[in-house]
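Here is the structure we will look at, set down as structure tokens.
The values are calculated or read from the model by the stated rules, or taken from the named source; none is laboratory data. None of these values were measured; they are calculated from a predicted model. Because the Cβ atoms are built from the backbone with ideal geometry, glycine has one as well, and the counts that use them run over all protein chains shown. SASA here: full protein model, heavy atoms, side chains in, ligands and nucleic acids out. Shrake-Rupley method; radii C 1.70, N 1.55, O 1.52, S 1.80 Å.
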There are 2 protein chains.
Amino acid sequence: MDSNWTLMKQGLPDVPTWQEYLYKKLEKNARIGIDPTLISALDANSLKSSLKPHGSQLVELDTNLVDQVWGSSRPARTLNPIVPLDVKFSGRSTEDKLKDLRDELKKKKVTAMAVTMLDEVAWLLNLRGSDIDFNPVFFAYALVTLDSATVYLNDSQVDDTVKKHLETNFVIKAYDSVFEDLKQFGSSITQKESILIGNKTSLAVASALGFEKVVINRSPITDAKAIKNSVEIEGFRQSHIRDGAALAQYFAWLEEQLNDGATLTESQAADKLAEYRSKLDLFKGLSFTTISSTGPNGAIIHYSPDPETCAVIKKDQIYLCDSGGQYLDGTTDVTRTWHFGTPRAKEKRAFTRVLQGHIAIDTLVFPEGTSGYIIDSFARRALWSDGLDYRHGTGHGVGHFLNVHEGPHGIGTRIAFNETFLQAGMTVSNEPGYYADGDFGIRLENIVIVRPHKTPNNFGDKGYLGFEHVTLCPIHRKLVDLEVLTTQERVWLNAYHKEVFEKISPLLKNDPRALSWLERETA
Amino acid sequence: MDSNWTLMKQGLPDVPTWQEYLYKKLEKNARIGIDPTLISALDANSLKSSLKPHGSQLVELDTNLVDQVWGSSRPARTLNPIVPLDVKFSGRSTEDKLKDLRDELKKKKVTAMAVTMLDEVAWLLNLRGSDIDFNPVFFAYALVTLDSATVYLNDSQVDDTVKKHLETNFVIKAYDSVFEDLKQFGSSITQKESILIGNKTSLAVASALGFEKVVINRSPITDAKAIKNSVEIEGFRQSHIRDGAALAQYFAWLEEQLNDGATLTESQAADKLAEYRSKLDLFKGLSFTTISSTGPNGAIIHYSPDPETCAVIKKDQIYLCDSGGQYLDGTTDVTRTWHFGTPRAKEKRAFTRVLQGHIAIDTLVFPEGTSGYIIDSFARRALWSDGLDYRHGTGHGVGHFLNVHEGPHGIGTRIAFNETFLQAGMTVSNEPGYYADGDFGIRLENIVIVRPHKTPNNFGDKGYLGFEHVTLCPIHRKLVDLEVLTTQERVWLNAYHKEVFEKISPLLKNDPRALSWLERETA
């Protein structure tokens, strides 16, 4: 940002909240212009009520003033074709999803729901797009009542097949007509009726519907989408097997390159991984920018290598690679950490501590009604015993051929993001790490699915849950300090490697390099 | 309770809150009489504001109507002598504690604090009483300003020595004059000044001071008292060594009795334990009613045996004993579970799972800034893996020759009671359990002290903490399923037993039965 701007990162200790900032900066009785499509109704409400004693108010603008300045130099919005996702991948028809949603609306005693999150619209309609990099969504809104359903999208993005697919359940209207329609709908319902909107829905939508008409709540689609059905779960398994083959090919290739003395930048290497993935069945793109990082860059948690300037991968440094793919049958997200030379003792020690945390989550059995906030510390215990820790959460939900990060659950230290109870069918990442600033970074990430777990007892009739890992990629034995592992942890590692070999090796018949690498790494 | 009463346990799912109940039962604009000494100002505030829309109000009564009905048949209040606690036990003089408190008041920009919790008054004054069974406190209030301090107590309870001890720092006034004095003090300060009261202080105190004059907050004395100084910590260690000797004597005696076919009720056994404790140096009484329970009674978490009707201890049932003593140098609270015959497999399995949870807490290392809410699940993990759990917290704070349960911290599943960060110097119990209704109960409880822990690294410059156990009593090997324990857990158990033997055996020279029992149980 140039010197015209001051960056104030929300949530950091010495950074004022919006409220505090406005109180300090503004004269009383101020009018604060705001683009209502860029703030949630919930945040706007809280801002409004804290501005009241100050006599100040938010003024919703019809046009965004920054957009006006930007003018015609602004790149056009991406409007790529929208394609149907077959029920053999989604596992549940739009018709059934609509029925479930309407049952929820009846239970909640609301007349309708405005669906505004792009991944929720895509999930509900069993459609996918590519308007936003890595996230297979498209620009759309939906309005679902007890007996009608309307979708607002750009006509240019849908062909006749998609229209036909949609028209059994939805009326299709122009994207641009949504606010006018919401206004009309809001004023058409009786005083006793109300419209549900999710807690991330924009102020613009709430205003259009009429504030007295809306009920803001956690979206029932967020909850339904988070619990994968059996077809989606099987898709997660299958897509991760294929993804594991690409990972084996890539890491085997990379090792050979470095052994041969090749000069490879982080970005060039990432491109090779993308190339391997792109050859896989049902591949639809990457699920996020690959984090391909050597040495100190691995300690930058959200690093992404710039093709122009990024570092050359060094054989005598830790290499951390966090990557993922989008497939018709699932979304992957996997991190592995390697050393192609001779690792230092402290690198092995930290890696082993991270691995112990990873295993502690993977093997955990817990009762229904347990949140990710409660179990996060299992991932940290081994690190803590060495005075180590990491400054990110342990896990995030993962969409099914949708956003690689999705709510409402997670595993982590911030209660607001991790208080949702883990339920059977949820997908979540298991990714403890350790980062030595300026030196190296370590992260080990598998995707796991929450599954019912059979226990010899069932105290409190709660039902017990466990995790099934679907990510299949060797965990670098060279970086494991065996003396630190318990017997149970060694058993786990051997069993995991056996499983990886059995599931991945059949896909590597045409890549002897990868196959022998896999054999060695899982031995 | 007889049929005139309906019991409504607060917090249970189908039980209405006070608010809900009042809303349902009352006509609008009702006047609800309340004894303001029996409700906290905080609860009263929340009740008042939720009654407002209903037009109803709380009316503070000068006299308690139930007391009036009770009349002269009511037993007199216990008013036992108040005695000083030497600084060689308390570790910090009243003068120094007052100085710390005044520093806190200055930091908080308040003029004074009304000290209303009995254990806080006792701690601040370095005095102890016995007006309430098991809790070495006495009826008193204190009012501390930046340059004066007044204590309100019954003159009959203090002799000249105590008066002298007190009068260096405090003005002594009659207990009955406190509310009049608070009223006067509240009206004597300026509009800009305010008086701190703890969040458990009664409505009566807040009203007397004037609601517009008080600031309700967590009491700084609660926080200071929770962090034991080095003298108190050494006292905890020493009192637990002596306490451990009495436990060894008692359990050895009990085993012999049962082996000899003696008929002993739970209560008779408990009396014997009290007799052993009463012979120890610095003994001042029990810290709570001994839970001495055989078989199914052990599954009743807060069981206490009725001398008239309680069960006979059976050799072929699990025996659970939770007990503790008050000593001038510390307070103890210990639970052990035994089987004097041949335990069943499921009893051993459950005992071992509980033990694993106990060890998981005992050996935990964690960074500063960690709450007991976050670490509670370490105590449950082993149980969870068998589909077992327990319906109580894992740990509570422990006073120093004060209440055996004290805040503000704890280890448990209810966030409101366990969100305080654990800090070096805090004492807390480690007491996972398992209860099979109608069959048996298991609990293993040690008191641990939070201590700085040296780690090879110090990530984030947070500082790391660990636990030091002070309770010294064998953990019943007969109930341990060795196959279930990890190597590390076996090592822990052996080291713990070695420590118990080394520290306790010197005190058992005159009790060969106890000594040989200790030798066997710690082998």
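Observations on the structure shown:
- Qualifying residue in segment A:84-102 (condition: among the aromatic types (Phe, Trp, Tyr) and either touching a Gly at 6+ places or on another chain (Cβ under 7 Å) or open to solvent by less than 50 Å² (accessible area, probe 1.4 Å) (or both)): yes
- Evaluation of B:GLY425 against (1) touching a Lys or Arg at 6+ places or on another chain (Cβ under 7 Å); (2) within 12 Å of chain A (Cβ to nearest Cβ); (3) more than 30 Å from A:VAL484 (Cβ to Cβ) (one fails), failing number: (2)
- Scanning segment B:484-497 for residues that are in a helix (DSSP H, G or I) and either away from chain A (no Cβ under 14 Å) or touching a Ser or Thr at 6+ places or on another chain (Cβ under 6 Å) (or both) gives B:LEU493, B:ASN494, B:ALA495, B:TYR496, B:HIS497.
- Unmet requirement for B:THR352, which otherwise passes all of (1) among the hydroxyl-bearing types (Ser, Thr, Tyr); (2) within 14 Å of another protein chain (Cβ to nearest Cβ); (3) within 25 Å of the chain's Cα centre (by Cα): (3)
- Checked against (1) in contact with a Gly (Cβ under 8 Å, 6 or more places away or on another chain); (2) within 14 Å of chain B (Cβ to nearest Cβ), A:VAL500 passes all but a single condition, namely (2).
- Flag if B:GLY235 is crowded, with 19+ Cβ neighbours inside 10 Å, outside the structural domain of B:ASN126 (by the TED database) and either of a type in the set (Asp, Glu) or within 28 Å of B:ASP103 (Cβ to Cβ) (or both): yes
- Matching residues, segment A:7-32, being of a type outside the set (Lys, Arg), at pLDDT 85 or above and not in a loop (DSSP other than H, G, I, E, B): A:TYR21, A:ILE32
- Residue in segment A:432-439 that is without any contact (Cβ under 8 Å) to a residue 60 or more places away in the chain, within 14 Å of another protein chain (Cβ to nearest Cβ) and open to solvent by 70 Å² or more (accessible area, probe 1.4 Å) present: no
- A:VAL171 being out of contact with any helix residue (DSSP H, G or I) (no Cβ under 8 Å at 6 or more places or on another chain) and either among the β-branched types (Val, Ile, Thr) or assigned by the TED database to the domain that holds A:LYS284 (or both): yes
- Any helices (runs of 4 or more DSSP H) falling wholly within segment A:69-128 and containing at least 1 residues that are closer than 29 Å to A:LEU209 by Cα: A:94-107, A:118-125
- Consider segment A:335-356 and keep the residues that are among the polar types (S, T, N, Q) and outside any helix (DSSP H, G or I). The one that is surrounded by the most Cβ atoms within 10 Å (Cβ to Cβ) is A:THR337.
- Segment B:371-408, subset surrounded by fewer than 22 Cβ atoms within 10 Å (Cβ to Cβ) and over 24 Å from B:THR352 (Cβ atoms), residue farthest from the other protein chains (Cβ to nearest Cβ): B:VAL404
- Checked across segment B:258-267, the condition of being touching a strand residue (DSSP E or B) at 6+ places or on another chain (Cβ under 9 Å), more than 20 Å from B:PHE351 (Cβ to Cβ) and open to solvent by 50 Å² or more (accessible area, probe 1.4 Å) holds for at least one residue.
- For segment B:409-418, the set of residues classified as within 11 Å of chain A (Cβ to nearest Cβ) and either without any contact (Cβ under 8 Å) to a residue 12 or more places away in the chain or among the hydrophobic types (A, V, I, L, M, F, W, C) (or both) consists of B:ILE415 only.
- For segment A:146-181, taking the residues that are touching a residue at least 40 places away in the same chain (Cβ under 8 Å) and farther than 24 Å from A:THR78 by Cβ, the one that is most open to solvent (accessible area, probe 1.4 Å) is identified as A:THR168.
- Here B:THR471 meets the list (1) surrounded by fewer than 18 Cβ atoms within 10 Å (Cβ to Cβ); (2) under 27 Å from the mean Cα position of the chain (by Cα) almost entirely, failing just condition (1).
- Residue in segment A:304-318 that is hydroxyl-bearing (Ser, Thr, Tyr), farther than 18 Å from A:THR263 by Cβ, open to solvent by 40 Å² or more (accessible area, probe 1.4 Å) and out of contact with any strand residue (DSSP E or B) (no Cβ under 8 Å at 6 or more places or on another chain) present: no
- Among the residues examined, B:MET113 does not qualify as of a type in the set (A, V, I, L, M) and open to solvent by 40 Å² or more (accessible area, probe 1.4 Å).
- Breaking point among (1) more than 30 Å from B:ASP439 (Cα to Cα); (2) at pLDDT below 95, for B:SER230: (2)
- Residues (open to solvent by less than 60 Å² (accessible area, probe 1.4 Å) and of a type in the set (Ser, Thr, Tyr)) located in segment A:484-502: A:THR486, A:TYR496
- If the condition is being within 14 Å of chain B (Cβ to nearest Cβ) and crowded, with 16+ Cβ neighbours inside 10 Å, then segment A:474-483 contributes only A:ASP481.
- Residue pairs whose Cβ atoms lie under 6 Å apart, sitting 6 or more positions apart in sequence or on different chains, and linking a residue in segment A:450-461 that is more than 7 Å from chain B (Cβ to nearest Cβ) to a partner that is of a type in the set (Asp, Glu), are A:ARG451/A:GLU468.
- Residues (in a loop (DSSP other than H, G, I, E, B) and within 8 Å of chain A (Cβ to nearest Cβ)) located in segment B:357-370: B:LEU364, B:VAL365, B:THR370
- A:THR332 being crowded, with 22+ Cβ neighbours inside 10 Å, away from chain B (no Cβ under 11 Å), over 23 Å from A:HIS409 (Cα atoms) and within 22 Å of the chain's Cα centre (by Cα): no
- Residue check for A:ILE442: within 14 Å of chain B (Cβ to nearest Cβ), closer than 20 Å to A:PHE251 by Cα, aliphatic (A, V, I, L, M) and open to solvent by less than 50 Å² (accessible area, probe 1.4 Å): yes
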